[in-house]
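Working notes for the structure below.
Coordinate-derived values only; no laboratory data. Just so you know, these numbers come straight off a predicted model, no measurement behind them. Cβ: placed from backbone, ideal geometry, glycine included. Neighbour counts: every protein chain shown.
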Amino acid sequence: MDALVRSVTLPPAIVARFRSLSLERLERIEAEWTAVLAGDHERAAEVHNDLHTLKGDARVVGFSDIHLLAHKLEELLVAAEHRQFRMPEEFDLVMTMAIRLMVMLLRTRDGVSLGGIDVDGFVQQIDELVADSQVRSVESTDQPPVSRRAPLTIEPLDRVAPATQQGLAAAATDVYLEHLRASGAARARLLSSWRALSRQISDLYAAPIAPRVARHQHATLKLARDLGKETAVEVIAGDVRVRADAADALETALLHLLNNAIDHGIEAPSERIRLDKPPVGRIRVQVRMIDGGGEVEVDDDGRGVDLDAVRAQAVERGFLTREAAESATERELTDLVLQPGFSTRTRVSDISGRGVGLDAVRSALARVGGRLLLSTHPGHGTTVTARVPQASRRLRVICFPACGTDLTFAVPATFDVTPLDEDTPSALDPLALLEIDPGSRRGCRLALEIQRDQFLVRLRVGGLPFRRTAERLCPTPDHHPVEVVLLGDDEAILLRPEALLAAAKRA
């Protein structure tokens, strides 16, 4: 088996991240494949997308066995689709074994043997199964869906899952509450600990894009050399931060867009000279902030999208009638390029050509609220832009002072808050519920009625309510009684009244 040799030694953190993301992706492929076997055949497009992305990622970091297995599973999936998913049990067995083999490969550290597992022999088994399926007619195979399997349990190596993030935020919030209960040096020490924790946890939610772009620059140059092309890659990246899941989607997009620019766009040196172009192609990657989010733009000076070929394929594959294709605008034609399964390539390579690349990009971005834009100048190049929402953790709240202290409380603005007459003996003091002693409660006779749907509570407060927009520092889960938020430069405690009362009853 030909090995994909790394042109550079990648930092361990990048390799660890690839392992982690790929393990999560394999878990998703397992679930998607199980859904396909259960009859939800539309999920096959998701299997295609995830396999294609896994294959591309593996090529970038030099995991040749993972790259080859993912490529072969793509072929297996195509064969299953040709059989309308009426397939013998061997298909599911091979898919499952391949997934588990890739999990083992990802969990095995460099230099550690897998104990004689024959990857080449397993690949041959996939090839034989695919070849055998091509000579059997669909009618001769009437297999029911095979029995369900237990899903893979895959532990990530370096990512912090959302539930873990929330657990860390809850622990940090407890430190903040302890600081309010303490005094003297202990109070100052706990406040310092809280602020250090909150900064670290906040970093989990907003990820910089620039480092993710830089790590693919060398791999793109290597891919160009592998294909006999000369390319200069320019990266212009500012300090743009987005949600961690949006950053993952952008990185997936970037991998596909760079591969497409090299494989589809940039011409060979001899062709560029014949076209009066410089022999060295140009790819420019720009990362910038836009209104409400961040974007990565990949611009190349290659051949552009062949709009006549798009028209022909659109008619041949039934996307458009001949009349509609002839009158289609450039935007309508470039939008077709982003549709599932659409490709003008007649040759399938291990890099592209199955018509799932840009569809995978679009799907990955859509899952995080992003979008993909494509413009082209045939003969001169293509510009593809991936946009995602900016990291934003703002929340509209209703605030009110606590009794006897300069602390501010808040509740989400989804509650109705009404000031009551001063004589409300049934009102509860949030400070008491949180076991915080303000030292004095003199003059705290004002109460607020806080209501949402069927829930109602009266709280003792130190002043009239006012509305603000808060920034969530360490978002805690909805069942946690409190969360620390930022009002301008000042910290405040966001109360979740239902959870707060439930916790007080359990205490």
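Observations on the structure shown:
- Here r is the Cβ-Cβ distance between LEU227 and SER426 and R0 is 51 Å; the resulting FRET efficiency, rounded to 0.05, is 0.10.
- Dipole of segment 209-389, positive direction: furthest Cα of LEU250, LEU373, GLN339, with charges on the beta-carbon: LEU250
- Remark: the ARG86-ALA186 segment gains 29.2 nm on full extension, using 0.36 nm per residue and subtracting the alpha carbon distance.
- Using Cβ point charges alone (K and R +1, D and E -1), the dipole size of segment 394-506 about the Cα centre works out to roughly 140 debye.
- Straight-distance crosslink candidates among lysines, where the alpha carbon sits under 27 Å from LYS229 and sequence neighbours closer than 8 are dropped: LYS55, LYS72, LYS277
- With R₀ set to 22 Å, the beta-carbon distance separating ALA31 from MET97 gives a calculated FRET efficiency near 0.85.
- SER270/LEU373 FRET efficiency (R0 25 Å; Cβ-Cβ; nearest 0.05): 0.20
- Farthest toward positive dipole pole in segment 209-389 [+1 Lys/Arg, -1 Asp/Glu at C-beta], among THR385, SER327, PRO211: PRO211
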